[in-house]
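Chemist: Submitted below is the structure of interest, expressed as structure tokens.
The values are calculated or read from the model by the stated rules, or taken from the named source; none is laboratory data. The structure presented is a predicted model; accordingly, all values stated were derived computationally and were not measured. Positions of Cβ are generated from backbone atoms using ideal geometry, with glycine treated the same way; all protein chains shown enter the neighbour counts.
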């Protein structure tokens, strides 16, 4: 039962990853007992499971995910939200209201208007229906300050790092509040514009070099150097 | 430019551009060249220059085209007015519409369309300069643009043509060779599984010649396939090496 690549080696769609008694994990498929990659990414062999950590992908909703979205339409009984995914998400008015929603009395645009950004959680989704959102939990709702960075959703796990090592380091070093949307949108709000700029820079670096090793240390070093440089100016 | 040369193959057995019969034109591929598209790629195969962009998967517009069980793949092959010697009208011609269809059908088997129902994946192929073999090069770049967009695929699709000029079977015809030759045989395939996704022919070939031409085209596809993979990985390998110096 051979495997054909080194661990964490770069693979392209159609590359033969393993042959024999293996299980096809993420971004792979099995045919005639052979496992192939379906996306460009880094191959992982874990026991019997073969998977590919994609370097570029789009966001497919999953129940329980925190996402950052933009209101694109105000309807009669709710909002349509662009969550950077192939599917538009729905947020129902009844979810936001304390009392029962009355379309004659309540003006939805006064709560969220087109163009507003929100942090929300996905409560229901299957491929036959568009995802349903909720903002009825602490930390969710309209975004009032900060800036938003877009990365490819495949890289969110890398920005979190192993057991949150990367994201914790980022928060510590920059002093910013960072909210990661699983859909590839990241909200950064800090005390100063300078600290926000630093966080954005770090995230861009992680995005670009996500497939290399020793990244957390390099990013930490970059932030320190950048702080030093600003201090000396 | 030489028009209608008398001989397409000289005494030494070389073609007009100095290639051997079984030699491809020089291929240069770049992936991720456009920042506004979800995925993109650019190819230069000899004098043919083609750009491809991919958008999606995204909501289908108009809505009624959406399929409940899979994504729709839409493809537009278009030649720029300046891509040929006589200005071409920018309106889609009969030929372009047909090519859009066959290119779409050549790519469809490679894409996991059933993963993303009710969405569309749109491919735009823009021929900037045409010198033969644009449908094949179009398929080659479009499959790279799909991979660059992060669309899951069974395999990349590589395409290459073979044909017959001056009574000899040759690989990768130029425009002049195509117009003055006896036959042209474009082939697209998924090389890993050795599945052919496009096979067309114009002109006349005997059964033996057809087999020879098909085998030659398949060999050409495999060479293109290697170039495709290299181009797709190049961007990432570059960064990795820069980091590790």
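Chemist: Are there any strands (runs of 3 or more DSSP E) wholly within segment B:114-232 with 3 or more residues that are under 17 Å from the mean Cα position of the chain (by Cα), more than 13 Å from every other protein chain (Cβ to nearest Cβ) and surrounded by 22 or more Cβ atoms within 10 Å (Cβ to Cβ), and if so which?
Modeler: B:119-129, B:158-165, B:183-190
So that you can scan it fast, the table gives a plain yes or no per residue for (1) touching a strand residue (DSSP E or B) at 6+ places or on another chain (Cβ under 9 Å); (2) at pLDDT 95 or above:
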residue	(1), (2)
A:104	no, no
A:108	yes, no
A:118	yes, yes
A:124	yes, yes
A:136	yes, no
A:175	no, no
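Chemist: Inside segment A:6-34, can you point out the residues that are within 12 Å of chain B (Cβ to nearest Cβ) and more than 27 Å from residue A:184 (Cβ to Cβ)?
Modeler: Those that are within 12 Å of chain B (Cβ to nearest Cβ) and more than 27 Å from residue A:184 (Cβ to Cβ): A:16, A:30, A:31, A:32, A:34.
Chemist: Output the residues belonging to segment B:234-245 that are in a helix (DSSP H, G or I) and either away from every other protein chain (no Cβ under 14 Å) or surrounded by fewer than 19 Cβ atoms within 10 Å (Cβ to Cβ) (or both).
Modeler: B:234, B:235, B:237, B:238, B:239, B:240, B:241, B:242, B:243, B:244
Chemist: For segment A:174-182, does any single residue satisfy the condition of being within 14 Å of another protein chain (Cβ to nearest Cβ) and not in a loop (DSSP other than H, G, I, E, B)?
Modeler: No, segment A:174-182 has no match at all.
Chemist: Can you go through A:86, A:61 and tell me which one is in contact with a strand residue (DSSP E or B) (Cβ under 7 Å, 6 or more places away or on another chain), farther than 30 Å from residue B:234 by Cβ and within 14 Å of chain B (Cβ to nearest Cβ)?
Modeler: The conditions single out A:61.
Chemist: Could I ask something else about it? Grab the strands (runs of 3 or more DSSP E) fully contained in segment A:1-96, keeping just those with 2 or more residues being farther than 21 Å from residue A:154 by Cβ.
Modeler: A:16-19, A:28-31, A:66-74, A:78-82, A:89-92
Chemist: Just to verify a result, which residue in segment A:191-233, among those that are outside any helix (DSSP H, G or I) and in contact (Cβ under 8 Å) with a residue 24 or more places away in the chain, is nearest to the chain's Cα centre (by Cα)?
Modeler: The qualifying residue nearest to the chain's Cα centre (by Cα) is A:210.
Chemist: Before we move on, is residue A:100 closer than 24 Å to residue B:59 by Cα and not in a helix (DSSP H, G or I)?
Modeler: Taking the combined requirement at face value, the residue does not satisfy it.
Chemist: Condition first: assigned to a loop (DSSP other than H, G, I, E, B), loosely packed, with under 13 Cβ neighbours inside 10 Å and within 14 Å of chain B (Cβ to nearest Cβ). Can you find one or more residues in segment A:117-138 that meet it?
Modeler: yes
Chemist: Okay, next question. Does residue A:78 meet the test of being in contact with a helix residue (DSSP H, G or I) (Cβ under 8 Å, 6 or more places away or on another chain) and within 14 Å of chain B (Cβ to nearest Cβ)?
Modeler: So residue A:78 fails the test.
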